[in-house]
1. For the structure I just gave you, tell me whether ALA84 is open to solvent by less than 20 Å² (accessible area, probe 1.4 Å), under 30 Å from ARG11 (Cα atoms), outside any helix (DSSP H, G or I) and not charged (D, E, K, R).
2. Would you pick out the residues in segment 1-13 that are surrounded by fewer than 17 Cβ atoms within 10 Å (Cβ to Cβ) and touching a residue at least 24 places away in the same chain (Cβ under 8 Å)?
3. If you check ILE28, ILE36, which single one turns out to be over 16 Å from the mean Cα position of the chain (by Cα), buried (at least 19 other Cβ atoms within 10 Å of the Cβ) and over 23 Å from LYS101 (Cα atoms)?
4. Based on what the data block shows, is ILE120 in a helix (DSSP H, G or I) and farther than 21 Å from ILE45 by Cβ?
5. Would you please name the residue that is nearest to PRO93 (Cα to Cα), looking only at residues in segment 111-131 that are under 17 Å from the mean Cα position of the chain (by Cα) and either free of Cβ contacts under 8 Å to residues at least 40 places away in the same chain or surrounded by fewer than 17 Cβ atoms within 10 Å (Cβ to Cβ) (or both)?
6. In segment 90-102, is there at least one residue being under 25 Å from TYR129 (Cβ atoms) and either touching a residue at least 60 places away in the same chain (Cβ under 8 Å) or under 11 Å from the mean Cα position of the chain (by Cα) (or both)?
7. Would a scan of segment 61-81 turn up a residue that is small (Gly, Ala, Ser), open to solvent by 80 Å² or more (accessible area, probe 1.4 Å) and free of Cβ contacts under 8 Å to residues at least 60 places away in the same chain?
8. Could you figure out which of (1) within 26 Å of ALA103 (Cβ to Cβ); (2) open to solvent by less than 50 Å² (accessible area, probe 1.4 Å); (3) part of a loop (DSSP other than H, G, I, E, B) isn't true of GLN54?
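The values are calculated or read from the model by the stated rules, or taken from the named source; none is laboratory data. A quick note: this is a predicted structure, and the numbers were derived from the prediction, not measured. Here the Cβ positions follow ideal geometry from the backbone for every residue, glycine too, while neighbour counts run over all protein chains shown. Remember, those area values only see protein heavy atoms, side chains included, never the ligands or the DNA or RNA. Shrake-Rupley method; radii C 1.70, N 1.55, O 1.52, S 1.80 Å.
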Amino acid sequence: MIAIDTNVLLRYLINDDQEQAEKSQKLINGNQKVLITDVVITETIWVLTGKRYQLPKDKIVDVIHALFAEKNIQFEDPQAVWCALKDFVNAPPIKVKGKTKQADFPDALIINKAKRYGQINKIKVEPIYTFDKAAQEIEGTKEP
């Protein structure tokens, strides 16, 4: 197994630098499993939704689904990523200071990683505190 950094995954997804994109494709489509850590998927989604690329929610969902479909890709914690994706998709829009907001994928992954930590270690991790009003819409969270 090999692991890749965010910039390698982004070149693979975006194909905005031909030379780097080809190298990324060779790694991801090669003969070894490719580990995508939780930090890498979170940072990738953060970049894709940021000012430069501004991918909307439905496209982010498509990207994550496509990564799950890749035969060589292995997520660090696929169950937490999958549950985060579900929470991200189902996050209800709420009004916060006059703006409509929804929990984003990184928030959903943070919450689901905490839940998974409890499951794996057989301890209760509850509630998960956050000041983010939109993230508070995800089950198991609470305002401090």
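1. Details: open to solvent by less than 20 Å² (accessible area, probe 1.4 Å): yes; under 30 Å from ARG11 (Cα atoms): yes; outside any helix (DSSP H, G or I): no; not charged (D, E, K, R): yes.
It is false that ALA84 is open to solvent by less than 20 Å² (accessible area, probe 1.4 Å), under 30 Å from ARG11 (Cα atoms), outside any helix (DSSP H, G or I) and not charged (D, E, K, R).
2. MET1, ILE2, ALA3, ASP5
3. Values: ILE36 fails: over 16 Å from the mean Cα position of the chain (by Cα).
None of the other options fit; the residue is ILE28.
4. Yes, satisfied.
5. It comes out as ILE111.
6. no
7. Yes, segment 61-81 has at least one match.
8. (2)
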